[in-house]
């Protein structure tokens with residue numbers, strides 16, 4: 001999926017690409033539908049739209065677990081999945097209805113910097 005800079009999701013993607021040019025892939029995802037609202041990939045083998053759907057289920061299952069554990073007053077801020085060579089970050093907006101899915105190479109990207117980039121851009125999705 002290409003992205004348009006004429007909507008908030010596309011603007012978020014564009015900003016993240018500017019701030020983390022070496023990223024592997026990025027998507028803005030609607031949690032209700034699991035659909036990518038905008039996405040970009042620098043890898044021919046990683047489809048961010050497919051990843052968006054599966055990672056939506058990760059978020060929903062964690063929300064169910066939190067409910068079962070009666071963790072009231074707690075909200076998911078982000079989820080980190082570490083692979084052998086990649087970091088997958090899911091950063092939820094404060095409304096809890098969208099998240100940014102980011103994939104970076106773990107040897108080339110500082111985790112703290114990647115988290116800060118997501119933190120600075122996720123607020124654009126609170127509408």
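The values are calculated or read from the model by the stated rules, or taken from the named source; none is laboratory data. The structure presented is a predicted model; accordingly, all values stated were derived computationally and were not measured. Every residue, glycine as well, gets a Cβ built from its backbone with ideal geometry; the counts of neighbours run over all protein chains shown.
If I ask for residues that are assigned to a helix (DSSP H, G or I) and over 16 Å from residue 29 (Cα atoms), which ones from the range 77-127 would you list? Scanning the range 77-127 gives 111, 112, 113, 114, 115, 116, 117, 120.
Taking the criterion of being part of a loop (DSSP other than H, G, I, E, B) and within 15 Å of the chain's Cα centre (by Cα), the only residue of the range 58-76 that qualifies is 76.
A count restricted to the range 76-108 and to residues that are more than 23 Å from residue 50 (Cα to Cα) and touching a residue at least 60 places away in the same chain (Cβ under 8 Å) stands at 1.
All of 29, 24 fail the test of being under 13 Å from residue 98 (Cβ atoms), modelled with pLDDT of 95 or more and either touching a strand residue (DSSP E or B) at 6+ places or on another chain (Cβ under 6 Å) or surrounded by 16 or more Cβ atoms within 10 Å (Cβ to Cβ) (or both), apart from 29. Provide a single number: the residues in the range 77-123 that are within 13 Å of the chain's Cα centre (by Cα) and crowded, with 17+ Cβ neighbours inside 10 Å. Here the count works out to 20.
Counting only residues that are assigned to a loop (DSSP other than H, G, I, E, B) and under 11 Å from the mean Cα position of the chain (by Cα), how many does the range 18-51 have?
Number of matching residues: 1.
Residue pairs whose Cβ atoms lie under 9 Å apart, sitting 6 or more positions apart in sequence or on different chains, and linking a residue in the range 1-27 that is farther than 22 Å from residue 86 by Cα to a partner that is at pLDDT 95 or above and surrounded by fewer than 18 Cβ atoms within 10 Å (Cβ to Cβ), are 3/14; 5/14; 9/30.
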